[in-house]
1. Which pairs have Cβ atoms under 8 Å, sit 6 or more apart or on different chains, and link a residue in segment 363-381 that is assigned by TED's automatic domain parsing to the domain that holds Val157 and within 13 Å of Asp172 (Cβ to Cβ) to one that is within 8 Å of the ligand (Cβ to nearest atom) and assigned to a strand (DSSP E or B)?
2. Quick one: would you say Arg226 is buried (at least 23 other Cβ atoms within 10 Å of the Cβ) and of a type in the set (D, E, K, R)?
3. Please work out which one of (1) surrounded by fewer than 20 Cβ atoms within 10 Å (Cβ to Cβ); (2) free of Cβ contacts under 8 Å to residues at least 40 places away in the same chain is the condition Pro257 fails and give its number.
4. Mind checking which pairs have a first residue in segment 311-327 that is farther than 15 Å from His237 by Cβ and among the polar types (S, T, N, Q) and a second that is within 13 Å of the ligand (Cβ to nearest atom) and at pLDDT below 95, Cβ under 7 Å, 6 or more apart or different chains?
5. If I go through segment 516-547 residue by residue, how many of them are closer than 17 Å to Pro209 by Cα, in contact (Cβ under 8 Å) with a residue 40 or more places away in the chain and aliphatic (A, V, I, L, M)?
6. Hey, does segment 328-349 have a residue that's assigned to a loop (DSSP other than H, G, I, E, B), more than 15 Å from the ligand (Cβ to nearest atom) and under 19 Å from Phe253 (Cα atoms)?
7. Among the residues of segment 431-470, which ones are under 34 Å from the mean Cα position of the chain (by Cα), more than 30 Å from Asn403 (Cβ to Cβ) and of a type in the set (Gly, Ala, Ser)?
8. Of the residues that sit in segment 158-185 and are over 26 Å from Leu315 (Cβ atoms) and either surrounded by fewer than 19 Cβ atoms within 10 Å (Cβ to Cβ) or of a type in the set (A, V, I, L, M, F, W, C) (or both), which one is farthest from the ligand (Cβ to nearest atom)?
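The values are calculated or read from the model by the stated rules, or taken from the named source; none is laboratory data. Everything quoted here is computed from the prediction, not taken from an experiment. Ideal geometry is used to build each Cβ from the backbone, glycine not excepted, and the neighbour counts take in all protein chains shown.
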Amino acid sequence: MTHDSFAPPQGGGGHDRATHGSVETAKTVALKHDTVPPREAMTSNQGLKISDDQNSEKAGVRGGSLLEDFLLREKITAFDHERIPERVVHARGAAAHGVFEAYEDLGALTMASPFAAKGKQTPVFVRFSTVAGSRGSADTPRDVRGFAVKFYTDTGVWDLVGNDMPVFFINDAIKFPDLIHAVKPEPHVEIPQAASAHDTFWDFASLSPETAHMLMWTMSDRALPRSFAHMEGFGVHTWRLVDAKGGSRFVKFHWKPVKGVHSQVWDEAQKTSGKDADYQRREMFESIERGDFLEWELGLQIVEETDEFAFDFDLLDSTKLIPEELVPVRPVGKLTLNRNPDNYFAETEQVAFCVSHVVPGIDFTNDPLLQGRLHSYLDTQLRRIGPNFAELPINRPLNPVSNNRRDGFAKATIHPGRVSYFPSALGGTHPAHQPKAPDAFRSYAEKVDGHKIRARSTSFTDYFSQATMFWNSMASWEKDHIVAGFAFELNQCETKAVPKAVMANLLVNIHPDLAARVAEETGLDIAECQRVAPKPVVTETAAPAEMPSGRLKVAASPALSMDKVTKGIKGRKIAVLAGEGVDGAQLGTLRSALEARGAIIEVIANRGGTITCSLGKSVKVDRPAANAPSVIYDAVVVPGGASAPKLAGTGLALAFVAEAFKHGKPLAFIGEGTALIAKAHLPVPAAGAPDQGVTTGDAEAAVSALVAGLEKHRFPNRDIASVAA
Ligand code: HDE
């Protein structure tokens, strides 16, 4: 975001921050009590006014520094201790404040307070993240994204710690450290950063067949979201809803983005990582500052307990999803992210999500992945932040906290009095437990009956049906990208035995077409792979008391495809390639028509400053070409005018349009601007061929083609083989 003066940008003043469209919630108002505005006089941590903060105290002007310089030592020591351990996974993230608003009273399903009444609002803080990369890695690797929501409800904090994919690689928590060790940079050289395309990850995957379904998601463009606002979110596990009468049912949580689900393509994502490593966090920040808030609908898939075994998979197996065609997703509320944090470290870095943070009305199931997470998150916050992490402003509930827990590092609250135990006559009745309170948490009284056993349920051993369903649900271009994803990753492996095991143990069992096409791209011989591959590590299994009946099943789930049109182009970025003498009338039409629909127009020229258009008017250059990679735009227009012939002879401009073409983006060329089509060697579609999103015509035609093209998101079926970009 650019600013025209040295005056603190909006928000820079901390306490009195007045942002463009940003909204206050009860939580952001509460956070103000802990927000410290800068004062005129600089002081030490003890409140001492500092006369000189730029010179250390020395023995003579050229002499050694003095140990007594407590101001030097305080400043340097604070600096030395600025970092806390980064998250062991999901280290790179960005977050925003917002609000969840319920569409209706869901009291018949759950007593969870955010759903207690139509229109009820609950403040939230939401953090998005990549999984494998470290905190300083880029926003756009091929990876799963975290989608963690902290609800500050009036009955306590509820954390819904989900991902942007509805399934997971494994279905027992005890394998998680192995999975993460395999995907993280290899320990001897710490390579590669934020990537699954290496031997150890695929070695682990090839021997763990339960990864098959999730691998289909991560090799698809779902692993390359266009922005946070274009991602779905999922609670992944089957959770439990409990009503006030103690009745219970199973639930899967879904976040559906109002802007639709859209992704980048692999070449684009790789280039974005280099050109703008902060692409997605920057976009979220800027959208919120502009008042273009990020929105999702929360949807529930409800399964009554009587249907627990109705499907052809086990509801407790996190490598399975419930197809929406079998259990529709019921929209129950809207999430809006409408305010940026004031301080990255205090809020986004110190926010501590725990799967065990639930409220009355939400309860656990026996999903063994969920059960392990119930331990891991609290444990990791104790390590990362310390025993009083819940007292930090961003983590504190809005309702009062009162108990007899005491002490520990960095205790912030002061508990008066002599009594720190219960029961106590000395302390009176406070704080007392609440056996009768209807809004007190009571664990769901699930009946448990069984022998202790260290084994996987046989109902978890259908590894491939849903991976096949995912393949069957894809459009042909999505299948192409999945094949290319597997091929890229397997070709990246140095030990050639690893891809062979992936082929033999996973791909041939998912779909013969997938296996054949990946074999073609990698040079693998399927028969040989099957001969030499090591066998998967099959863990001990035991039959459960009841198996899934398979009554409810589908072969394909159209809901899984991203091949959909989304209405509206709000927030989409359109590049206008311009220069001296650009057609001013065309520029005016483009700008007014597209900005009226909420799109962002950026004028790009060979240098910064201003250019003069054909009408003699001065036009601000939003970015010089060297600062404007094509990958950060959703569409491109080249208007006519005196600028166009020059652009047609400019390498940067030609590379820009060629790359946008390769990435399937809508392109429009007006008047003299059409010269760039031939100069960039864009293939001309045969007469009568389907619309490939390359428009020539006047400015009005360009506007309607760009709007239609952006709603379609991309043109993935272009002939790009010959495009040099
Ligand atoms: Fe996590 N995960 N996870 N995870 N996870 C963490 O907690 C863990 C899993 C997810 O923005 C850690 O605070 C285990 C599934 C998100 O701060 C840690 C297992 C899903 C975030 C941890 C899983 C997730 C985390 C690291 C297998 C989707 C980022 C730092 C049993 C439903 C939250 C931290 C944020 C973070 C453990 C699997 C989502 C170590 C043991 C499945 C979004 O506790």
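1. Filtered contacts from segment 363-381: Arg373/Val161.
2. yes
3. With respect to (1) surrounded by fewer than 20 Cβ atoms within 10 Å (Cβ to Cβ); (2) free of Cβ contacts under 8 Å to residues at least 40 places away in the same chain, Pro257 is out only on (1).
4. That search, which allows pairs on different chains as well, returns nothing.
5. 2
6. yes
7. Matches in segment 431-470: Ala455, Ser457, Ser459, Ser465, Ala467.
8. Result: Pro185.
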